[in-house]
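Chemist: Next up is a structure, given as structure tokens.
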Amino acid sequence: MLALPLVAAAVPVAMYASSKLSLPQDAHLISSLIGSKMAYGTIEKNDEINLTHRFLGSYNKHPDREALVFEGKSYSYRDINAASNKVGNWLLSKGVRRGDIVSLFMVNKPEFIFAWLGINKIGATGAFINTNLAGKPLTHSLKTASAKMLIMDTELASQIANSLEEMQQMGYSIYSYGGPELFDFATPMDLSSVSAADTPEHLRRGTTANEIAMLIYTSGTTGLPKAGRFSHSRANLGPLFWGRFYKFSESDRIYISLPLYHSAGAVLGMCVAWSVGATVILAKKFSATYFWEDCRGNNVTVIQYIGEICRYLLNNPNHPLDKTHSIRLAHGNGMRPDVWTRFRDRFGIPLIGEWYASTEGTGALSNYNTGPSGSGAIGHRGALARLMDKGLKIAKFDIQTEELIRAKNGFCIECKPGEPGELLTLIDSAEPTRDFKGYHQNSSATNKKVITDVFKKGDKYFRTGDILRRDADGYFYFGDRVGDTFRWKSENVSTAEVSEVLSQYPDCIEVNIYGVQIPGHDGRAGMAAIVAKPTMNWDQFAQYALKNLPRYSVPIFIRRTPEIEITGTFKQRKVELVNEGMDPSVIKDEMLWLDGHSYKPFKAAEHKRVVSGQAKL
């Protein structure tokens, strides 16, 4: 008779322990990891590592299912297979062979997908060039690809025209695809008489885990873009895991407005769809104006975001149809904590799938978020998950020297819960997702990303360059990029934390925080580029900032700007702002400075007072 009361008493204790240890979350993560690795094992056994087999698997299963919708036109898996076969056969006729690299410079459109699949179907590699590039960054990216052929979009002709001389020196043959011919320096891809028959199967059979499927470039926020080597194994394992973890199925309709030249749109969007047989609704580019109209009109169930996209959507005026949609999941990376709950509540998104990863990196985090617990976190690893996977470590980091701190024994020091440090991810060549392939044609940049003898003799880790912290419940939170956090008044200032606080002020539309040097002063002073509403009262804003931030974190300078410059993947650019400093003779935007407890105009006279040390900062 005593057994029943004891059992009843034990149930809430067990439930509390399970919740505190995050066992359900860890179980879901671990089962998704195991399931994806088992599926990949079958892929290896069947000699289907080439990523086109993920597309072909869905094509063979449901050839007439809708695979793609673009600007109102529908394409079946059969349509895409035939079109990509034409490209593959055309490439072979031009002498492209297995292992060759073909540069692809195209905006989002079906032809991008046809060309991508056609390249991979013959065992070649596509170099996905950022379509926002021009001039030196573009010629650098084309040179780094070490290709001899460029397939370009006719819409991007002017950018290529300005780099023709350099491309001729590199030996490029230039072909245009998918639009009217308005220029004479590129040869049109005439596919009218090219066979749509399957490309030779032996060209994709025998693909190894280490062979490169794509070159995907970094965003170039701190210099010229670097070409990350994205292997076929990673192009398989990422979608296999994400498909399980976020429960994708063939009934999903995935809206992709991110650029396909980047891994978020290409791998975690398009490849996920191929792996489960889903439908992709492809937008030419992101538009805050037409985003929800596209989603409602196409019965979208999954949306992708990156960087500031969710903030831009929140900045739209409220609409009666904000919650009228069929979206079950918003997944991506870079949703700011100050946006997270407002975005979920306003648009009624039941599941937010925030993830942390990099194109070339060796580790990833994910957050399956359905409520307040874990909101704003970039990932989660409970005690069980951390015990089973010890490949992610947060190590103590010196903000001033921008170097990892080593103990007397010579090894790095792992941070305790709550302590910020640089995230390091294990490098293991025997594990496809942990095998750092480095940057194509850039051994110097590759070597800078690798650190050895980290926690024990002989180990290797990838330096992410990101400052993170993990709380006691296993949630990981983004702090800053290495180099963005700065010192002022002998204190560390996190640009991300300051931006999060100031962005919540009602009249702030967008905020970009960075540090600038002042002659004669140690450290860097805080500066904010702000897009503000016309109703902004700067005195009241100053009071808000002084009340909600430590004095040393409150920006000394403000530049009122009509817009914040972003990268092609919706990340804020800081380098140019930092280089312009705080000199009003250089900066075209109106400037303000914190004079006591209010923001006042900052012009040449005020600049002279600050630089000479006459002003109290």
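Chemist: Any residue at all in the range 209-222 that is part of a helix (DSSP H, G or I), of a type in the set (S, T, N, Q), surrounded by 19 or more Cβ atoms within 10 Å (Cβ to Cβ) and touching a residue at least 40 places away in the same chain (Cβ under 8 Å)? Break it down into steps so the answer makes sense when it comes.
Modeler: Within the range 209-222, the first condition is being part of a helix (DSSP H, G or I), and the residues that meet it are none.
No.
Chemist: Please go through (1) over 22 Å from the mean Cα position of the chain (by Cα); (2) open to solvent by less than 70 Å² (accessible area, probe 1.4 Å) for PRO372 and return the number of the only condition it doesn't satisfy.
Modeler: Result: PRO372 passes all but (2).
Chemist: Select, from ASP522, ASP484, the only residue that is over 23 Å from the mean Cα position of the chain (by Cα) and open to solvent by 20 Å² or more (accessible area, probe 1.4 Å).
Modeler: Values: ASP484 fails: over 23 Å from the mean Cα position of the chain (by Cα).
None of the other options fit; the residue is ASP522.
Chemist: Looking only at the range 188-204, which residues are in a loop (DSSP other than H, G, I, E, B) and open to solvent by 70 Å² or more (accessible area, probe 1.4 Å)?
Modeler: Going through the range 188-204, the residues in a loop (DSSP other than H, G, I, E, B) turn out to be 189-200, 204.
Result: ASP190, SER192, SER193, ASP198.
Chemist: Condition first: open to solvent by less than 20 Å² (accessible area, probe 1.4 Å), under 29 Å from the mean Cα position of the chain (by Cα), at pLDDT below 95 and under 17 Å from VAL493 (Cβ atoms). Can you find one or more residues in the range 560-573 that meet it?
Modeler: No, the conditions are met nowhere in the range 560-573.
Chemist: Could you list, in sequence order, all residues of the range 269-291 that are open to solvent by 20 Å² or more (accessible area, probe 1.4 Å) and more than 17 Å from PRO110 (Cα to Cα)? Spell out the reasoning first.
Modeler: Restricting attention to the range 269-291, the residues satisfying the condition of being open to solvent by 20 Å² or more (accessible area, probe 1.4 Å) are 275-276, 284-290.
Listed by number, the residues that qualify are SER275, VAL276, SER287, ALA288, THR289, TYR290.
Chemist: Which number in (1) assigned to a loop (DSSP other than H, G, I, E, B); (2) closer than 30 Å to ASP484 by Cα; (3) not basic (Lys, Arg) marks the one condition that GLU250 misses?
Modeler: (2)
Chemist: Of all the residues that make up the range 75-89, how many are under 30 Å from HIS140 (Cβ atoms) and either without any contact (Cβ under 8 Å) to a residue 40 or more places away in the chain or surrounded by fewer than 21 Cβ atoms within 10 Å (Cβ to Cβ) (or both)?
Modeler: Going residue by residue through the range 75-89, those that are under 30 Å from HIS140 (Cβ atoms) are 84, 87-88.
Imposing the further condition that a residue be either without any contact (Cβ under 8 Å) to a residue 40 or more places away in the chain or surrounded by fewer than 21 Cβ atoms within 10 Å (Cβ to Cβ) (or both) reduces the set to 84.
Count: 1.
Chemist: Could you list, in sequence order, the residues of the range 393-416 that are at pLDDT 95 or above and either surrounded by 14 or more Cβ atoms within 10 Å (Cβ to Cβ) or in contact with an Asp or Glu (Cβ under 6 Å, 6 or more places away or on another chain) (or both)?
Modeler: LYS393, ILE394, ALA395, LYS396, LEU404, ILE405, ARG406, PHE411, CYS412, ILE413, GLU414, CYS415
Chemist: Looking at the range 497-510 only, could you name the residues that are among the hydrophobic types (A, V, I, L, M, F, W, C) and touching a residue at least 40 places away in the same chain (Cβ under 8 Å)? Step through it out loud before you land on a result.
Modeler: Keep residues of the range 497-510 that are among the hydrophobic types (A, V, I, L, M, F, W, C), which gives 498, 501-502, 508-509.
Scanning the range 497-510 gives VAL498, VAL501, LEU502, ILE509.
Chemist: Report, by residue number, each residue of the range 126-163 that is open to solvent by less than 10 Å² (accessible area, probe 1.4 Å) and not hydrophobic (A, V, I, L, M, F, W, C).
Modeler: GLY126, SER141, ASP153, SER163
Chemist: Could you count how many residues in the range 339-361 are surrounded by fewer than 20 Cβ atoms within 10 Å (Cβ to Cβ) and within 30 Å of LEU424 (Cα to Cα)?
Modeler: Here the count works out to 4.
Chemist: So LYS616 fits all but one of (1) in a loop (DSSP other than H, G, I, E, B); (2) open to solvent by 40 Å² or more (accessible area, probe 1.4 Å); (3) touching a residue at least 24 places away in the same chain (Cβ under 8 Å); what number is the exception?
Modeler: Every listed condition holds for LYS616 apart from (3).
Chemist: I've got another one for you. Based on what the data block shows, is ARG609 under 22 Å from VAL501 (Cα atoms) and either without any contact (Cβ under 8 Å) to a residue 40 or more places away in the chain or part of a loop (DSSP other than H, G, I, E, B) (or both)?
Modeler: Values: under 22 Å from VAL501 (Cα atoms): no; either without any contact (Cβ under 8 Å) to a residue 40 or more places away in the chain or part of a loop (DSSP other than H, G, I, E, B) (or both): yes.
Judged against the criteria, ARG609 is not a match.
Chemist: Here's another thing I want to ask about it. Yes or no: LYS247 closer than 18 Å to VAL107 by Cα, surrounded by fewer than 23 Cβ atoms within 10 Å (Cβ to Cβ) and among the charged types (D, E, K, R)? Steps first, please.
Modeler: On the way: closer than 18 Å to VAL107 by Cα: no; surrounded by fewer than 23 Cβ atoms within 10 Å (Cβ to Cβ): yes; among the charged types (D, E, K, R): yes.
No.
Chemist: Could you give me the residue pairs with C-beta distances under 6 Å whose first residue belongs to the range 111-136 and is more than 21 Å from ALA161 (Cβ to Cβ), whose second residue is of a type in the set (Asp, Glu) and at pLDDT 95 or above wherever it lies, and which are 6+ apart or on separate chains?
Modeler: ALA124/ASP100
Chemist: Quickly run through the range 581-595 and pick out the residues that are open to solvent by 70 Å² or more (accessible area, probe 1.4 Å) and touching a residue at least 24 places away in the same chain (Cβ under 8 Å).
Modeler: GLU590
The values are calculated or read from the model by the stated rules, or taken from the named source; none is laboratory data. Every value quoted in this text rests on a predicted model; they were computed, and no experiment measured them. Note that we place each Cβ from the backbone using ideal geometry, even for glycine, and neighbour counts take in every protein chain shown. SASA here: full protein model, heavy atoms, side chains in, ligands and nucleic acids out. Shrake-Rupley method; radii C 1.70, N 1.55, O 1.52, S 1.80 Å.
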